[in-house]
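To start, the structure itself, in structure tokens.
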Amino acid sequence: MKNLVIKKSTLYSFSIGLLTIAFVTFYFTDGLGKILRRGGSEFYRYSAFLKGFFEIFALGFSLIAVSKSKINILLGITMLLFGFLIGQLFLSLNFKNLLFFENFNTLFKYFFPLIIALIALNIIGFNQYPDKLFKYYKAIIILNSCLLILGFLFDIEVLTTYSGPWRFGYDGLIFAQNEATYIFIFAITTVYYRRFYLDIKEYFFWIVIIPSIIVATKGVYLYLILLLLFHIFKRVSLRNILAFGISFLVFGYFLFSSAINKIFINSYNIFMYMYEREGLWGALLSGRGAYITEKLKPLILEQWTIPNFIFGGQDVVSHYIEMGFLDLFLFFGIFGSILYLYIFYSIFKIISFPKEFKLFFGISLAIIVATAGHFFESGIAGLHFIFLILMNRNLNNKLQNA
């Protein structure tokens, strides 16, 4: 029994170290990749090789201490792999421009959060709060928020959310705008839970909330609005809303009118431009509605056969829709997408939020994933999602025992 405890503690420490190193390394290598891309370099995706190496190492490491939960995830990954190969085979019969190796690379992007979950199970099994994870997570988020604000104040192009000059937004060294959306959604969720459920008063709350507005993606704005409505419904009386809410908004606008106008008027102008060009649906989906006509219909009506509906079959260069659940279905088919979502839901259930907040978070995240994409197949989004689970688990018990 003593050897088992030592083994678990060693496994816990090594898993914490592995995820911490991955988290910090991916942030800086993605940041360097963003600088190279904005600088016109032809090769900037070298961080993908690091993620691939990490996945291979993590898969091997996860076999050190096998559990039922790990076996279920590994079995699911194996079934998804075979389903993917079947889908690619049948798609290639009618689609001759298939880029198999690019699709295979995307497959392992889908696997990334599942593989990280295998490492997270070692930490969860030890039943101790991972202070080290939160320490490094907090440091990276603060660093990126500082860079983000510097980019906003001094108009530093490499720190912008969007590559063109016509859209406002700053996300620091985060590589892609969709990744910035999910990173800040998970950070907002974490600081909100700490402040309003665990009564932890910290400056970190504002270091996350204020920069999230400057990121200026529709996903972050939507989540902030939904969270505000949830907060009002659960915690604020109508009298306090009228007494303090309106005066706070008016005072805040006059104090920061220049910045507010720059942020929201730009977002409004972009929205109205898309609305006039492609209608309400096109504006809400940032033009993705056109992909349904241009990519989806030819794929399923002309190039798919019956096995593709079961196992999927998507070429990510030619058929990528950028709508999370729709792309998941196209990639894995009916069988694979149900299996993938079942595995992901089993991971989601580990989150230790109170029931009503967990339900709110799950529904809000599903809405944003459905309309934004780049969640399931983003290694960075998956890593931050697992960090959200680990950093908020056992925290209440830790505070009670402090």
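The values are calculated or read from the model by the stated rules, or taken from the named source; none is laboratory data. The model shown is predicted, which means the values in this text are computed figures rather than measured ones. Reconstructed Cβ throughout: ideal geometry from the backbone, glycine too, with neighbour counts over all protein chains shown. The area values use the complete protein model at the heavy-atom level, side chains included, leaving out ligands, DNA and RNA. Shrake-Rupley method; radii C 1.70, N 1.55, O 1.52, S 1.80 Å.
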Solvent-accessible surface (1.4 angstrom probe) belonging to Ile141, in square angstrom, nearest 10: 10 Å²
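Rank these residues by their accessible area, most exposed first, probe 1.4 Å: Lys201, Lys138. Write down the numbers at each step before the final one.
On the way: Lys201 130, Lys138 60 Å².
Final ranking, largest accessible area leading: Lys201, Lys138.
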Surface accessible to a 1.4 Å probe, Glu322 within the full protein complex, Å²: 50 Å²
Spatially proximal lysines relative to Lys297 (Cα-Cα < 24 Å; intrachain offsets below 8 disregarded): Lys96
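Where does the charge balance sit around Pro165 when Lys and Arg score +1, Asp and Glu -1, over other residues with C-beta under 13 Å from its C-beta?
Values: positive: Arg38, Arg167; negative: Asp155, Glu157.
With Lys, Arg at +1 and Asp, Glu at -1, the net is 0.
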q = 0.16, 0.19, 0.26 Å⁻¹: log10 I(q)/I(0) that the Debye formula gives for segment 119-209, counting C-alpha atoms only: -0.74, -0.95, -1.32
Karplus (6.51, -1.76, 1.60) ³J(HN,Hα), θ = phi - 60°, over segment 21-35, in Hz, Gly and Pro reported as x: 4, 4, 4, 5, 5, 5, 5, 6, 6, 5, x, 5, x, 5, 4
Hull volume in cubic angstrom per residue (convex hull over the Cα atoms of segment 313-402): 91 Å³
Within segment 64-102: backbone nitrogen closer than 11 Å to the Ser13 label point (7 Å, Cα to C-beta): none
Reachable lysines from Lys34, criterion Cα separation under 18 angstrom, eight or more residues apart if same chain: Lys51
In order through segment 388-394: 3J(HN,Hα) via Karplus (6.51 cos²θ - 1.76 cosθ + 1.60), integer Hz, x for Gly, Pro: 4, 4, 6, 6, 9, 8, 6
For segment 44-195: Kirkwood Rh in Å [reciprocal of mean 1/r, alpha carbons]: 18.7 Å
Sequence-distant residues sharing a close amide H with Gly373 (under 5 Å, placed H): Gly324
Positive-end residue, segment 1-129 charge dipole about Cα centroid, Cβ charges, pick of Gly31, Phe61, Tyr110: Phe61
Computed label-point distance, nm, for sites Leu50 and Tyr162 using a 7 Å Cα→Cβ extension: 2.9 nm
Spacing of the two label points (7 Å from each Cα toward its C-beta) at Ile232 and Lys355, in nm: 2.6 nm
His374 accessible area, assembled protein chains, probe 1.4 Å, Å²: 60 Å²
Set Lys8/Lys70; Lys135/Lys201; Lys8/Lys68; Lys70/Lys132 screened for pairs whose C-alpha atoms are more than 18 Å apart: Lys70/Lys132
